[in-house]
Structures are given as structure tokens and as C-alpha cells.
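Notes follow once the structure below has been shown.
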Amino acid sequence: MSGNDPALQSDDSSLEQFGYKPEFHRVLGFFADFSVGYSYMSPLAGFYALFAYALTTAGPAFFWTMPLVLLGHTINALIFAEISSQYPIAGGVYQWARRLVGDRWGFLTGWMYFLALVGVAAGLAAGVAPYLAALTGMEATNTFDTCVALVIIILSASLNLIGTKVLGKMTELGVWAGLIGLGVCGVYMLLFARIQPFHVLFEDFGAGAGHSTGAMFAASLLGIWIFFGHEACGDLAEEVHDASREVPRAMLTTMLAGGGSALLIALGMILAVPDMVGAVSGAVANPADAALRNAIGPVGATAMFGCLMLVAFSAAISVIASTSRLLFSMGRDGMIPFSAAMSQVNPRTGLPTAAVLAATVLPCIVLLIGGFAPHIAEAVINFATAGIYTTFTMVLLAAVFARLRGWKPSGPFHLGRLGWLLTLVALAFEIGALINLVWPRPSSPDQSIVSVMLIPLVLIAVFCVGVVLAARRSVTVDESR
């Protein structure tokens with residue numbers, strides 16, 4: 001109900017102009033929407049999980065890849081903010097691609113994003129298990145990991161089903177847990193637990209010897225794996241108050257706050273590593289854990305595992321919310337099977353119940369398969385990030401195509417003359433990041449060619465299936481552009 005609130009009336013009027021009836025409850029403000037994106041990005045958990053990889057790949061000098069990747073993604077966020085300001089519609093990237101080009105491209109974009117989100121949700125839930133094992137002292141077996149991950153998905157879905165306000169509060173909890181981690185891993189360790197001199201940031205300690213450029217490209221995957229999630233702010237646009245203004249603000253704040261957090265955490269953790277030679281060589285298996293325990297002791301490190309669990313749990317809640325809104329949006333347009341059910345919104349809770357349940361069941365299936373065939377689940381989860389970057393590239397291609405046909409962004413947030421240039425820069429960055437992400441890099445000399453090529457092969461196969469499905473759809477280019 002819009003009542004007498006001019007902003008709500010404007011939101012509802014805008015949505016009706018796109019041909020949709022307002023059904024969601026607009027109860028999210030700027031901070032709640034930002035929390036969805038920040039929790040999804042989860043810079044603390046992401047950096048903790050990937051720190052050892054980056055150090056062994058390129059040494060502490062990997063740090064300098066992070067601000068470059070962050071810059072590229074911030075430019076991407078500017079373009080997405082501009083598009084979302086004009087099209088503040090649930091489903092985010094699917095709706096943007098559809099409005100800018102047409103049904104087929106929109107469907108294909110939504111298809112890639114949907115499957116990527118399923119993998120992301122499964123991966124985030126599985127990532128909670130090691131922290132819980134460390135907290136409880138239990139052995140992190142495959143069965144234990146699967147059971148914990150399933151519980152996380154089911155709890156995340158349950159909280160999603162209560163209401164949008166609860167969803168917002170839970171994602172805000174992830175932000176506060178992340179800020180605690182930032183204070184400890186970033187500020188405290190940088191000011192009071194620094195062991196290494198600052199010049200180690202320019203050294204590789206022998207990592208990637210003879211292949212320093214390739215090593216830095218590989219190490220830049222840390223930033224590529226972390227610095228996304230801003231698009232999630234647009235997935236719940238129909239639940240955000242004054243969405244055409246607040247969604248772009250939330251996207252850009254997600255990038256700046258999340259990216260800044262990751263850079264500060266990286267700086268604090270690198271300079272607090274007790275044995276840098278051992279960390280780079282791999283002799284220290286978990287340099288993040290070693291730095292934490294040396295800085296704040298075993299009790300403090302255990303408390304940090306609790307924060308990491310909250311961050312990962314909050315991220316899973318955000319991803320299920322994004323997946324359900326995508327399914328709702330595609331169902332409302334008749335794009336997917338069971339469209340009628342997927343597009344139903346419970347008038348009491350203001351939530352698409354069937355879509356939330358579908359967004360719950362599919363990651364659970366991936367996790368159950370992983371309990372019996374870990375390599376299959378691993379392939380799905382590894383595909384997720386590549387699928388996200390493919391989606392980003394497709395939206396930017398749609399923006400270029402629309403601009404060539406004369407489209408000019410008309411939302412409250414727009415980049416003016418810089419829009420064209422920044423769109424091309426963002427597109428070049430996303431293509432480069434995607435190539436870097438799927439580039440075949442053997443982890444050992446005896447690794448099979450099929451294993452090395454698994455991610456690009458899965459990505460190509462999924463895209464081709466999407467093309468076949470999209471080709472069966474009628475073509476309509478939205479005239480409200």
C-alpha cells in the first residue's frame with residue numbers, strides 16, 4: 001500500500017508503467033538494501049578463505065592486484081547503478097537485459113544468473129562447515145560438511161520466508177559481523193600486531209619465479225572471486241523505498257565499503273603473518289589462522305570463527321533472496337516452467353513463497369549430490385563465479401547494444417556523457433576478468449586436461465543450453481525503454 005507517501009506512490013507508479021502490479025511490501029531502506037549486497041560480497045570470509053592461495057601464487061605482492069580489480073568493478077557498479085535507476089524492478093540483471101535488448105537476451109541472462117546463484121548459495125553454505133568444525137573441535141568430514149551446509153540453506157530459507165524486514169535485519173547482522181572482523185583483522189592487526197615491514201608488499205618471496213606476470217594474473221583471482229555482490233541490491237528493488245535512488249546508492253556503497261574493507265583486511269593480515277617464507281612456500285597451511293592466533297590468541301581466533309560463520313550465513317540468506325526474486329521476476333513474465341506458482345506473492349508476508357522454496361531446494365540438491373559425488377558439486381560451485389561474470393558481461397553488452405540504438409539512461413542517477421566511455425571500460429574489464437577466471441591453470445603436472453578445462457567446458461555447455469532454450473522464445477523488445 002502506498003498510502004500518502006509520495007516516494008511510495010512514485011515507486012508504484014513507475015512499476016505500473018512497466019506493466020507490473022505492485023505486490024511486494026516496500027520495507028527496505030538504503031542500509032538494508034546495502035546490507036544485502038555487502039553480506040553477499042562477504043569480504044571478510046572471502047579473504048580468509050583465499051589468503052593462502054594468493055600468497056602461495058604470487059607472494060604478498062598480490063595485494064596490488066586487489067585495488068585494480070576493485071577499480072574495474074566499481075566502474076561496473078556505476079553502469080549497473082545507472083541502469084537500475086531507470087529499471088528498479090525485481091530480478092535485477094534479468095530485467096535490465098530484457099529491457100535493453102529483448103526477451104531472448106533477458107532470458108539467457110537470467111538463465112546464467114540463476115544457475116550461478118544456485119552454485120553460490122551451495123558454496124556459501126558449504127563454507128560454514130569448516131568454521132563450525134573449528135569452533136566445536138569436531139572433524140570436518142564430507143558427511144559433516146554436507147549436513148551443516150543443508151542446515152544453513154534450510155535456516156536461510158526459513159528466515160527468508162518470515163518477511164522482508166527479517167531478511168533485512170539478518171543481512172544487517174552480517175554487516176556488523178563483518179565490521180567486527182574488519183576492526184580485528186584490519187585495524188587492530190595493522191596498528192598493534194604488525195610483524196612484517198611494509199616493503200614485503202613489493203616482494204614475492206620466490207612465488208611464481210620466472211612467471212611473475214602470470215602469477216599476478218592468477219593471484220588477482222582473489223579480488224575477482226570477492227568483489228561482486230553489488231548487483232544483488234537491484235534484485236530486491238521492488239521492496240526498496242524510493243528504489244530508483246536508493247538502489248544505485250546501495251550498489252555503489254557496497255563496492256566502496258566492501259572493497260575498502262577487503263583492502264584493509266588484506267593489509268592487516270599480510271603484515272601480521274608471523275612466518276612469511278613458510279606461508280608463501282606452503283609450509284604454513286593456513287596463514288590467516290596463524291596470523292590471527294599470533295595477534296589475538298586462540299580465544300580471540302575462536303571468536304573470529306564465530307564472526308566468519310555469521311558472515312557466511314548472512315551471505316547465504318542474501319543469495320537465496322536474490323535467487324527467489326529472480327525466479328519471481330522471470331515467472332511473472334512467463335519465462336520459466338511453473339511461472340504461475342513462481343510469480344505468486346503471499347499478500348500477508350509480501351514474499352514469493354514458491355520461488356523461495358525453489359531457491360532452497362536446488363542448492364540442497366547440489367549439496368546432496370556433493371555428499372556422494374564431491375567432484376560434481378565442486379564443478380557446479382566453481383562454475384558459479386564464472387556464471388556471475390558471464391552475466392555481468394551480458395548486461396554490459398546489452399547496454400552497449402541499447403546505446404547504439406539511441407538509448408539514453410533516464411533514471412535519477414545517470415552518468416551523462418561519461419556513460420558511453422565507462423560502459424566500454426566496464427565491458428573490457430569484465431571480459432578480461434572472465435577470461436582470467438576460466439583460463440586453464442593446472443594445479444599439478446599430472447592433472448588431466450579434462451580437469452583443467454572443466455570450468456570453461458561447463459560454462460560453454462550451460463550457455464549453449466540457454467541459447468537453445470532462448471531460441472524457442474518469441475522476440476519482443478520493450479518499448480518503455
At a threshold of 8 angstrom on Cα-Cα distance, excluding pairs fewer than six apart, so keeping six or more, what relative contact order does the range 258-348 reach in percent? 13 percent
Lys/Arg +1, Asp/Glu -1 at C-beta; the chain dipole; positive extreme among 416, 250, 193: 416
Quick one: check the C-alpha center-to-center distance for the range 21-100 versus the range 128-148, whole angstrom. 28 Å
Quick one: order 204, 33 from most to least accessible surface, probe 1.4 Å. 204, 33
Student exercise, the chain dipole from Lys, Arg, Asp, Glu Cβ charges, in Debye to nearest 20: 660 debye
Could you provide, to the nearest whole Å², the per residue accessible area of the chain with probe 1.4 Å? 39 Å²
What aspartates and glutamates could a cross-link reach from residue 169, if we take a straight Cα to Cα line under 15 Å and drop same-chain neighbours fewer than 8 places away? 33, 239
Looking only at lysines whose Cα falls under 25 Å of residue 21's and that sit 8 or more positions away or on another chain, we get 165
With the full set of protein chains in place, find how many percent of the accessible area of the range 195-262 is carbon and sulfur; take the probe as 1.4 Å. 65 percent
For the chain, the longest principal axis of the Cα atoms and the Cα long axis of helix 43-58 enclose an angle in degrees, to the nearest 10, of 50 degrees
Among 387-400, 309-322, the order from most to least packed when residues are scored by Cβ within 10 Å on average: 309-322, 387-400
In the range 65-222, taking the dipole from +1 charges on Lys and Arg beta carbons and -1 charges on Asp and Glu beta carbons about the Cα centre, the listed residue (161, 213, 119) farthest towards the positive end is 161
The range 24-167, accessible surface, carbon-and-sulfur percent (1.4 angstrom probe): 73 percent
Compute the helix-to-body angle for 30-41: its Cα long axis versus the longest principal axis of the chain, expressed 0 to 90° and rounded to tens. 50 degrees
I want to verify the translational diffusion coefficient of the range 253-349 in µm²/s; compute it with Stokes-Einstein, Rh as the Kirkwood radius over Cα pairs, at 10 °C and 1.306 mPa s. 93 µm²/s
Nearest 10, in degrees from 0 to 90: the angle of helix 243-271 to the longest Cα principal axis of the chain is 0 degrees
Checking rank on 101-111, 407-417, with mean other Cβ inside 10 Å and highest first, the result is 101-111, 407-417
Order by protection proxy (mean Cβ within 10 Å, highest first), peptides 141-153, 88-100, 238-250, 178-190: 88-100, 238-250, 178-190, 141-153
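The values are calculated or read from the model by the stated rules, or taken from the named source; none is laboratory data. None of the values given here were measured: they were computed from a predicted structure. We place every Cβ from the backbone using ideal geometry, glycine too, and count neighbours over all the protein chains shown. In case anyone asks, the SASA skips ligands and DNA or RNA and just uses the protein heavy atoms, side chains included. Shrake-Rupley method; radii C 1.70, N 1.55, O 1.52, S 1.80 Å.
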